[in-house]
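The values are calculated or read from the model by the stated rules, or taken from the named source; none is laboratory data. Since the structure is predicted, the reported quantities are computational estimates derived from the model, not experimental observations. Here the Cβ positions follow ideal geometry from the backbone for every residue, glycine too, while neighbour counts run over all protein chains shown. Only protein heavy atoms, including side chains, enter the accessible area calculation; ligands, DNA and RNA are left aside. Shrake-Rupley method; radii C 1.70, N 1.55, O 1.52, S 1.80 Å.
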Amino acid sequence: MRVEPFGDQAVRVILGDRIAPSVQKKIKQFTERFDRQPFAGFIEYVPAYTNVVLYYDPVVVIRHGRKDLPAQEQVCHYIQALLQDEEKEKGQEASRRRVRIPVCYGGDFGPDLVQVAACHNLTVKQVIARHSAPSYLVYMLGFTPGFPFLGGLPEELATPRRKSPRLKIAAGSVGIAGQQTGVYPLESPGGWQIIGRTPVALFRPESNPPTLLMPGDIVTFEPITEAEFNRIRGQKS
């Protein structure tokens, strides 16, 4: 673990060097500790696969801290002290929410499902069964607001991105790219292989937090019919 400058108003806390559930656990525990013990001048943090970037207001840091020490140095000292508590919490499990996401696979909702099945010599039903069987870990959010990068995709479903990205992918589309799966919260361009769509909104700007999922959550996908998709979507309107 180490803390390093990230511009003049942020620091990066590196908690691992590989994509792994154990590293995500450290990130989750660190951000939970930080939620309980923020410092004056803190603005926000952004978790990634192996690190967390914390943004701060240097004027506020100095106003509430030492006048003879640069803000960045004060923030680094604060975080180092926080990281020393890591040993005290070693072995404790990070709190994790479990979220079920209904998905209508194939057809117009999943135009790449047949191609993904053919790529792996599987039937469409086998792809759906394998994709909806695991519990996925939300490693981080990014790309667009609330887009979850999910780890835990079965190796037999790992599929390269499309050679030609689409200019428009519908909100709620469920895709595969390499060894990851994810859900598009908003209509946007994208190159992931689209295999289904959920009627559940992942980006909720009227809510706090504005995203359905957060890093560290556990996600499962539940296959539904097109009629169930329309019923759930109708309940939202």
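Below is a table of values for the structure above.
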read-out	value
Per-residue ³J(HN,Hα) for the range 202-218, Karplus 6.51 cos²θ - 1.76 cosθ + 1.60, θ = phi - 60°, Hz, x for Gly and Pro	8, 10, 10, x, 7, 9, 9, x, x, 10, 5, 10, 9, x, x, 5, 10
Positive dipole terminus of the chain, leading residue within Ser173, Ala117, Phe147 (C-beta point charges)	Ala117
By accessible area with a 1.4 Å probe, ligands and nucleic acids excluded, highest first: order of Val174, Val114	Val114, Val174
Residues with amide H under 5 Å from that of Phe6, placed H, sequence gap 5 or more	Val11, Arg12
Listed residues Met140, Met1, Met214 arranged by accessible area, highest first, probe 1.4 Å	Met1, Met214, Met140
Heavy atoms of Lys26: accessible area, 1.4 Å probe, square angstrom to 10	80 Å²
GluC sites (Glu not before Pro) within the range 106-196: DSSP coil, no more than 15 neighbouring Cβ in 10 Å	Glu187
Average accessible surface area per residue within the range 84-237, 1.4 Å rolling probe, Å²	52 Å²
The chain: relative contact order as a whole-number percent, Cα under 8 Å and 6+ apart	19 percent
From phi via Karplus (6.51, -1.76, 1.60), per-residue ³J(HN,Hα) for the range 97-114 in Hz, x at Gly/Pro	8, 10, 10, 9, 10, x, 9, 9, 8, x, x, 5, 7, x, x, 9, 4, 5
Relative contact order %, the range 115-167, counting alpha carbon pairs below 8 Å whose residues are six or more apart	32 percent
Amide H contacts under 5 Å for Gly142, placed H, 5+ residues apart	Phe147, Phe149
Residues with amide H under 5 Å from that of Asn51, placed H, sequence gap 5 or more	Leu15
Aspartates and glutamates with Cα under 13 Å of Lys28, excluding same-chain neighbours fewer than 8 positions away	Glu86, Glu89, Glu93, Asp217
For the range 146-169 and the range 202-237, distance of Cα centres in Å	19 Å
Rounded, prolate or oblate (a/c below 1.5 giving rounded, otherwise prolate when a/b exceeds b/c) for the chain by Cα gyration tensor	prolate
Rg to Rh quotient for the range 1-96, alpha carbon positions, Kirkwood Rh	0.97
Portion, in percent, of the accessible area of the chain that falls on carbon or sulfur, probe 1.4 Å	52 percent
